[in-house]
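Below is one structure; the comments refer to it alone.
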Amino acid sequence: MYDRRKRMLQEKPLPKHSLPHSQIKNIQVIVNRLALLAFLPKNAVIAEIGVAQGDFTAQVLNTCQPKKYFLIDTWSTQRYSEEMKESVKKRFNSQIQQGQVIIREGNSVLMAQDFPDCFFDWIYLDTDHSYCTTKKELEIYRHKIKKGGIIAGHDFIQGNWLKGKRYGVIEAVSEFCIQHNWEMIYLTMDYNEFPSFGIRAIE
Ligand SMILES: C[S@@+](CC[C@H](N)C(=O)[O-])C[C@H]1O[C@@H](n2cnc3c(N)ncnc32)[C@H](O)[C@@H]1O
């Protein structure tokens with residue numbers, strides 16, 4: 001535990017940007033991320049980026065009935081493995097057969113190039129929660145979102161204190177919103193999950 005704390009203290013500080021009132025004035029605070037799904041467009045073209053075993057995927061399918069749902073993940077680690085990918089394929093086999101669910105195996109940032117601009121109604125980011133990855137994902141996927149579309153994501157929190165792991169989602173999202181004039185429209189208050197966020201471009 002001491003080593004983890006030492007490591008965290010040695011890490012490079014992340015950029016800190018407070019969002020001004022104009023970029024949070026339309027925010028809705030929502031009880032949890034399951035309830036957030038009720039606020040997101042239905043029958044839409046969407047992506048979940050970072051899928052793991054598909055637990056959130058099942059909730060999205062039930063609540064949002066997406067027209068096309070792309071599941072993007074590397075499934076390349078011991079924890080999130082090739083076998084996990086196979087179990088996701090089995091779990092959503094009928095939706096895959098119907099063409100509703102499409103699995104794309106690969107790195108979040110690289111996979112973005114496979115999609116045309118203005119393609120998604122909304123996406124949900126949930127990969128490694130680091131500042132660098134989140135910033136790259138936001139920068140590349142903003143072009144892939146339709147006008148008025150939403151980028152949502154998980155882990156809008158400083159870090160995981162049980163694992164001694166710092167996240168960078170708050171910093172990346174806030175910086176991105178300021179640089180590109182996006183606003184925070186959703187924030188969840190989960191007590192047994194880390195919070196989720198939702199942002200969209202200011203017209
Ligand atoms: C926390 S899990 C996702 C959980 C899932 N969204 C849920 O709520 O049930 C993170 C997933 O992101 C994947 N991942 C991590 N970094 C990635 C990256 N750069 N590109 C694609 N997938 C990544 C991991 O393989 C893992 O399956």
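Annotations for the structure displayed:
- Verdict on Ile199 being touching a strand residue (DSSP E or B) at 6+ places or on another chain (Cβ under 8 Å) and of a type in the set (Val, Ile, Thr): yes
- When Gln113 is tested against (1) within 15 Å of the ligand (Cβ to nearest atom); (2) in a loop (DSSP other than H, G, I, E, B), exactly one condition is not met: (2).
- His154 being crowded, with 21+ Cβ neighbours inside 10 Å, within 9 Å of the ligand (Cβ to nearest atom), within 23 Å of Asp190 (Cα to Cα) and in contact (Cβ under 8 Å) with a residue 60 or more places away in the chain: yes
- Tabulated pairs, the range 12-23, first exposed (fewer than 11 other Cβ atoms within 10 Å of the Cβ), second modelled with pLDDT of 90 or more and not β-branched (Val, Ile, Thr), C-beta under 8 angstrom, 6+ apart or interchain: Lys16/Glu171; Lys16/Ser174; Ser18/Ser174; Ser22/Glu183
- Condition check for Cys132: of a type outside the set (Lys, Arg) and not in a helix (DSSP H, G or I): no
- Selection count where residues are of a type outside the set (Ser, Thr, Tyr) and not in a loop (DSSP other than H, G, I, E, B), scope the range 28-80: 26
- Residues of the range 16-70 classified as over 13 Å from the mean Cα position of the chain (by Cα), modelled with pLDDT of 95 or more, farther than 15 Å from Asp121 by Cβ and hydroxyl-bearing (Ser, Thr, Tyr), total: 1
- When Leu162, Leu187 are screened for being surrounded by fewer than 18 Cβ atoms within 10 Å (Cβ to Cβ), under 14 Å from Asn32 (Cα atoms) and aliphatic (A, V, I, L, M), only Leu187 passes.
- Qualifying residue in the range 153-168 (condition: under 24 Å from Pro66 (Cα atoms) and not in a loop (DSSP other than H, G, I, E, B)): yes
- The range 42-68, residues that are within 13 Å of the ligand (Cβ to nearest atom) and touching a Lys or Arg at 6+ places or on another chain (Cβ under 6 Å): Gly54
- Criterion: more than 11 Å from the ligand (Cβ to nearest atom), crowded, with 16+ Cβ neighbours inside 10 Å and in a helix (DSSP H, G or I) - qualifying residue of Ile96, Ile123: Ile96
- All positions within the range 177-203 that are in contact with an Asp or Glu (Cβ under 7 Å, 6 or more places away or on another chain), among the hydrophobic types (A, V, I, L, M, F, W, C) and farther than 15 Å from Val31 by Cβ: Cys177, Ile199, Ile202
- Residues of the range 24-41 classified as surrounded by 13 or more Cβ atoms within 10 Å (Cβ to Cβ), more than 16 Å from the ligand (Cβ to nearest atom) and charged (D, E, K, R), total: 0
- The condition of being within 11 Å of the ligand (Cβ to nearest atom), more than 18 Å from the chain's Cα centre (by Cα) and either of a type in the set (Val, Ile, Thr) or under 15 Å from Ser196 (Cβ atoms) (or both) holds for only one of Thr134, Thr77, that being Thr77.
- Here Cys177 passes the criteria (1) surrounded by fewer than 18 Cβ atoms within 10 Å (Cβ to Cβ); (2) outside any loop (DSSP other than H, G, I, E, B); (3) in contact with a His (Cβ under 9 Å, 6 or more places away or on another chain); (4) of a type outside the set (D, E, K, R) except the one numbered (1).
The values are calculated or read from the model by the stated rules, or taken from the named source; none is laboratory data. Fair warning: this is a prediction, and the values are worked out from it, not measured in the lab. Note that each Cβ is placed from the backbone with ideal geometry, even for glycine, and that neighbours are counted across all protein chains shown.
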